[in-house]
Amino acid sequence: MLTKAEIISKLTDPGIIAVVRARKASQAMPIAEALLAGGVMAVEITMTTPDALGAIREVSGKLGERALIGVGTVLDATTCRAALACGAQFVVSPICRPELAHIARAAHKPVMLGAYTPTEAQFAHEVGADFVKIFPADGLGPNYIKALRAPLPHLRIVPTGGVDLNTIGEFLRAGCPAVGAGSSLITKDILEKEDWAQLTERAGAFVKAAGAARCGVKA
């Protein structure tokens, strides 16, 4: 079993957290396998996925030693505890609920709480969030992250929303240890056609872009 420090290390390398909003629970496994084949190992199965807890249990049971299977869109303590019991290795919420941080930390799992403003981001950090999810980030952009981190450099910010192949490098160069990628990675077309080969290809492109950004190269 991975330690919390090991999970955090894997979340930030290559630094891409795939946000999975599958149409049905049966898609979760092939999605995770396709992402893993493309080099993306952090898979956040959101609670908006039908039978999300069952999907987390199945995927973590099969891929837990090679991938990081987490839970997203967690809004309450009951869901948080249930997901952890099903094998979730990290917890993500779009909002800032202190009790989620307390539950995850007691289970020795990383937790990411949502924020939008500097005050909210600092509060999330103070209540125990390991990462702060800036959401939605598409209306803010990398320059906002730079401005936010100037007075608050201790925050580990993970933007979600607006992260695509054109912006991932800018967000990482702005100081983000990781990014969340949803529909820009797992597109509507991929889900409709269940084109997992295309997903593997897109995952590889995201990993390549992240690697270029880490090396200071503008892709």
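Bear in mind that the values in this text are calculations on the coordinates, not laboratory data. Treat the numbers as computed from the prediction; the structure is a model and nothing was measured. So basically every Cβ, Gly included, is an ideal-geometry build from the backbone, and we count neighbours across all protein chains shown.
Brief remarks follow.
- Considering only 160, 12, 117, the Gaussian network model of the chain with Cα springs below 10 Å gives its largest mean-square fluctuation to 117.
- Calculated P(r) of segment 93-150 - Cα pairs past 15 Å, %: 44
- Interatomic Cα distance distribution for segment 4-210, bins of 5 angstrom, percent: 1, 8, 18, 21, 22, 16, 9, 3, 0, 0
- When only Cα pairs below 8 angstrom with a gap of at least 6 residues are kept, the chain shows a relative contact order of 21 percent.
- Taking packing as the residue-averaged number of other Cβ atoms within 10 angstrom, the listed peptides 172-180, 132-140 run from highest to lowest as 172-180, 132-140.
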